[in-house]
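Heads up, the thing below is written out as structure tokens.
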Amino acid sequence: MDIHKEIAKLREQNHVIARLRTKGFMDESKYQEQTKELNNKIRNLQAELKKLTRSDDEDDVLEQLDILVDYFEKREHIMVSFEPETFDSMVDKITANQNDLTFHLLGGIELKEKI
């Protein structure tokens, strides 16, 4: 949230500078200099925010993969028949194409089966 607030603050500063320029209180070179500096700060903060978001997404994927691995490692018996509960808990969605089905599992794993 702090990054979002900082980005909003910098954009507001950009807006104030633009108003000062249009009213003639700031010359073009000073306006360009300050706008460039503010835009660079905004881009850096957006990159940091994207990195943090991606890191959170990666953590979620790893957690989901750990759940899958733990489930199969802790089983006492090999799965020899269809188990609806297991299927429902591990398959996020199924997409059908003309020649195959794609099973989308936890953690982003995709398994294709020809039909």
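The values are calculated or read from the model by the stated rules, or taken from the named source; none is laboratory data. Because the structure is a prediction, the values reported are computed rather than measured. Backbone-built Cβ (ideal geometry, glycine too); neighbour counts: all protein chains shown.
Exactly one residue among 21, 75 is among the charged types (D, E, K, R) and loosely packed, with under 13 Cβ neighbours inside 10 Å, and that residue is 75.
Looking only at residues that are within 21 Å of residue 21 (Cβ to Cβ) and either exposed (fewer than 13 other Cβ atoms within 10 Å of the Cβ) or not polar (S, T, N, Q) (or both) in the stretch 33-46, which one is farthest from the chain's Cα centre (by Cα)? For the stretch 33-46, the residue satisfying everything is 33. For the stretch 88-98, the tally of residues that are of a type outside the set (Val, Ile, Thr) and surrounded by 11 or more Cβ atoms within 10 Å (Cβ to Cβ) stands at 3.
Against the criterion of being at pLDDT 85 or above, part of a helix (DSSP H, G or I) and not small (Gly, Ala, Ser), residue 19 qualifies. The residue list 62, 68, 49 contains one member that is touching a residue at least 40 places away in the same chain (Cβ under 8 Å) and exposed (fewer than 13 other Cβ atoms within 10 Å of the Cβ), which is 62.
Yes/no per residue for (1) assigned by TED's automatic domain parsing to the domain that holds residue 58; (2) within 23 Å of the chain's Cα centre (by Cα):
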residue: 70; (1), (2): yes, no
residue: 87; (1), (2): no, no
residue: 92; (1), (2): no, yes
residue: 103; (1), (2): no, yes
residue: 107; (1), (2): no, yes
residue: 110; (1), (2): no, yes
residue: 115; (1), (2): no, no
